[in-house]
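Down below is the structure, laid out as structure tokens.
The values are calculated or read from the model by the stated rules, or taken from the named source; none is laboratory data. Not measured: the values here are computed from a predicted model. Heads up, the Cβs are rebuilt from the backbone with ideal geometry, glycines too, and the neighbour counts pull from every protein chain shown.
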């Protein structure tokens, strides 16, 4: 406080120009009463000098350049970094305690480390207690799904080990592995029968009933067949059971004048389709392929026969067992030659062209046509039948 007033007073004296040199000798002529050699002192100036020197702090010496170049500056003391406090309301906020901060050396800068996620279940420090549970890691949530726990798959024990046997025993209701309960080759099923035997013993589909002939349609068919010049005789109905039989069969000797079929038994509709095919397609094609030659007969492969398709042991009944089918094994010519039915897809001769034309034209008269080579069961004959199909569909191969 005293120094402040002294400073203010000194400033006022300097402003009014009242400053007097601190020391000057006074001549004897003017002051006769003051002895010679006495120095006159200004009291206010001395007070200012004493006060200014007392209030100033001693200046520190600047370090020399040599000392500043080699010296290592000391880092300032770092404040303790507080650890994040868990949110209130959770188990972590109730049970988790902030660990004490370890002492850090003063000469090394400390970088704050990232804090690990706080585990919800802290493992017990008691070695005799239950084994510690792994920490629960939460997956980040999305806009439509809240955060949830990550699913960590548990490795399965190797098969054949004690752990695998114990796991199987602990889960008796677990679903069986696909294929684990399947019967191995050579093993029998629960009833002591092989799977193939069980399939063979499966009941076959019920055979279709005999084709019912409408009286008016049958009468018209027989009249048309007669007008074509066919030679035939009606015979007694055939009913062999299991779907085999013909309600109104006929024995056909010649399907056209001069074209014999050997007295084959069939339905009238089959005989009419066969006659139109020979008259409208086969004979015109032969006139082009072999001019002057005429067909005198058909060598049948199979006509009526009570059997399944392709003579198999299982499956659907054949159209031969219903009087709807006729197999052509060969064409007989007027010169005594025979044009045998065989695969002719790559045959570039006139015989090959004739057979392919006759086979393709057959699909205009029959609903099913299987040419030679169409499958393993039809290699040496042409299969023709009049099976009624939905919407007039035809199967021609």
Give the number of residues within region 243-280 that are modelled with pLDDT under 95 and surrounded by fewer than 14 Cβ atoms within 10 Å (Cβ to Cβ). 1
Anything in region 198-213 that is exposed (fewer than 11 other Cβ atoms within 10 Å of the Cβ) and either assigned to a helix (DSSP H, G or I) or modelled with pLDDT of 95 or more (or both)? List them, or say none. 199
Residue list for region 338-386, filter: more than 22 Å from residue 271 (Cβ to Cβ), in contact (Cβ under 8 Å) with a residue 40 or more places away in the chain and touching a strand residue (DSSP E or B) at 6+ places or on another chain (Cβ under 9 Å): 340, 351, 354, 377, 380
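Give me a count of the residues in region 296-309 that are closer than 16 Å to residue 282 by Cα and buried (at least 19 other Cβ atoms within 10 Å of the Cβ).
2
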Failed item, numbered, when residue 303 is tested on (1) more than 21 Å from residue 380 (Cβ to Cβ); (2) outside any strand (DSSP E or B): (1)
How many residues are touching a helix residue (DSSP H, G or I) at 6+ places or on another chain (Cβ under 8 Å), surrounded by 15 or more Cβ atoms within 10 Å (Cβ to Cβ) and more than 16 Å from residue 330 (Cα to Cα) if we restrict to region 348-366? 3
Kindly provide the set of residues from region 310-341 that are farther than 30 Å from residue 240 by Cβ and surrounded by fewer than 17 Cβ atoms within 10 Å (Cβ to Cβ), ordered by number. 333, 334, 335, 336, 337, 338, 340
